[in-house]
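Take a look at the structure set out below.
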Amino acid sequence: MFTKPIGALALGCAVALSAFTALTPMTAVAETIRHELGEVEFAQTPNRFAASNWSLTESLLALGIDPVAIPEADGYRLWVVEPELPATFSDLGTRREPNFEALREAKPDAILISADVAMAHDKLSSFAPTLVFSIYNTGSNEPAIDRAEELLRNVAKIAGVPEKAEEVIVTANARIEAAAQRILDAVGDEAKFAVVRILDEAHFRIHGKMSLFGSTLDRMGFANAWEGDVNGWAFHNGDVADLAKMGDAQFAYVEPIAPAIQGKLFNSAIWKAMPFARNDHVYAIPSSWTFGGVLSAARFAELLADAVTSAHNPASGS
C-alpha cells in the first residue's frame, strides 16, 4: 500500500480547506455604524432597506439596492425621475408621517431616515435598526453636494458596498464637469446663475450657494446670483423684489409650473423689465429634485447645460 508523506497530506488538506472556504460564506463580523443620533451595531450586513425620503431612496438605487419601502412614489417619479423605482415595494406613506403598518409588513433589516423625522426614531427602531443621515438642517456649513456624497458613502458602508459609492461619485462628478464645459462654451465663466422655483406670480423659492443645485453650480465653477439669507433648506422664500436684486443673472427656473401662473408672470410688465428677461437669459429646467442626492446633482447639471446650450445655439438640437 502506498502512503502519502505527511507534508503532502498537509498540503492537500490546506488546498481542500482553501477551496471550501472560497465556496462557504465567512461568519459575519459585527459592525458598528455611527449616525446622527448615535450608533447601531449590525451582526450581519443588512440588505432590506426602508427609506423615509427621496434622497435616501435615490442613494440606495444609485448603489444598485432596491428599497423595500419608500414614501410618495408618484412624487418621486415626478421630481426625482432617475434612477427609476423598482417594480415592487411597500408604500411607506408620506415623507413626514411614515406608515408603521406598511413598515411592519415590509420587514426591513434597516430603516434610513433624515433629521426631519428624527422625532420618530425610537418608534421606528422598534421595527428595525434606524439610522439618521441628513443633507439639510444639520447645522453644518458644508455644501449640500458634499453632504450628499457623505450620505451615499454612509449608506454604502451599511450595505457593505463602499467601493460602489466611490464609483457613483466619480461618475457623477465626471457628468457635472462635462456639463460645466458645455455651459462655459456657451456663456463664459463670468456668468452668474439663479436657480428658482416659481411658486406663483409673486412668490419664488431662490436656492442659495449651499443648496444642492447651488453647490453643484459652485463645483461647476459658476457663481450664484443670490447672496442673501437662506433657511435650513438653503433656499430663500422671495418675491419679485428679490428677483430684481440679482440683476442680469442666467435665470434657471425648475419646472413644473402651472401654465396659468407662467402666463401671468411672464406677460407682466415687471417680469419683462427684469434684465434676465430682457436679455433672454431665462432657462426652463425639467422637473428636478432640489433636495436630492448625488445623482440629482449630476442630472441637474446636465439639464441646465441642455437648456443653456439650446438657447445659445438652437441648431444644436439638444
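Some observations on this one:
Condition check ((1) surrounded by fewer than 13 Cβ atoms within 10 Å (Cβ to Cβ); (2) in contact with a strand residue (DSSP E or B) (Cβ under 7 Å, 6 or more places away or on another chain); (3) assigned to a strand (DSSP E or B)) across all residues:
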residue	(1), (2), (3)
252	no, yes, yes
257	no, yes, no
276	no, yes, no
280	yes, no, no
283	no, yes, yes
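- Yes/no for residue 308 being of a type in the set (Val, Ile, Thr), open to solvent by less than 40 Å² (accessible area, probe 1.4 Å) and either farther than 23 Å from residue 186 by Cβ or modelled with pLDDT under 95 (or both): no
- Residue count, the stretch 92-119 (criterion: buried (at least 17 other Cβ atoms within 10 Å of the Cβ) and among the polar types (S, T, N, Q)): 1
- Residue within the stretch 43-51 that is of a type in the set (Lys, Arg), at pLDDT below 95 and either part of a loop (DSSP other than H, G, I, E, B) or closer than 25 Å to residue 302 by Cβ (or both) present: no
- All conditions in (1) of a type in the set (Val, Ile, Thr); (2) more than 29 Å from the chain's Cα centre (by Cα); (3) open to solvent by less than 10 Å² (accessible area, probe 1.4 Å) hold for residue 270, with the sole exception of (3).
- Entry remark, the stretch 175-200: residues being within 15 Å of residue 313 (Cα to Cα) and either free of Cβ contacts under 8 Å to residues at least 60 places away in the same chain or part of a strand (DSSP E or B) (or both) number 3 in total.
- When residue 110 is tested against (1) in contact with a Gly (Cβ under 9 Å, 6 or more places away or on another chain); (2) at pLDDT 95 or above, exactly one condition is not met: (1).
- Output for the stretch 73-96, where each listed residue is in contact with a strand residue (DSSP E or B) (Cβ under 8 Å, 6 or more places away or on another chain) and either within 20 Å of residue 150 (Cβ to Cβ) or of a type in the set (Asp, Glu) (or both): 91
- Hits in the stretch 240-267 - residues which are over 19 Å from residue 306 (Cα atoms), within 30 Å of the chain's Cα centre (by Cα) and among the charged types (D, E, K, R): 242, 245, 248
- Residue selected from the stretch 121-142 under the condition open to solvent by 20 Å² or more (accessible area, probe 1.4 Å) and over 19 Å from the mean Cα position of the chain (by Cα), by the criterion farthest from residue 33 (Cα to Cα): 123
- Against the test of being assigned to a loop (DSSP other than H, G, I, E, B), farther than 21 Å from residue 168 by Cβ and touching a residue at least 12 places away in the same chain (Cβ under 8 Å), the options 83, 108 yield a single qualifying residue, 108.
- Qualifying residue in the stretch 203-213 (condition: surrounded by fewer than 16 Cβ atoms within 10 Å (Cβ to Cβ) and at pLDDT 95 or above): yes
- Comparison of 258, 305, 277 shows that the only residue that is under 30 Å from residue 57 (Cβ atoms) and touching a helix residue (DSSP H, G or I) at 6+ places or on another chain (Cβ under 8 Å) is 305.
The values are calculated or read from the model by the stated rules, or taken from the named source; none is laboratory data. Computed from a predicted model, the values in this text were never measured in an experiment. Cβ coordinates were reconstructed from backbone atoms using ideal geometry, including for glycine residues, and neighbour counts include every protein chain displayed. To get the accessible areas, we keep the full protein, side chains included, count just its heavy atoms, and leave off ligands, DNA and RNA. Shrake-Rupley method; radii C 1.70, N 1.55, O 1.52, S 1.80 Å.
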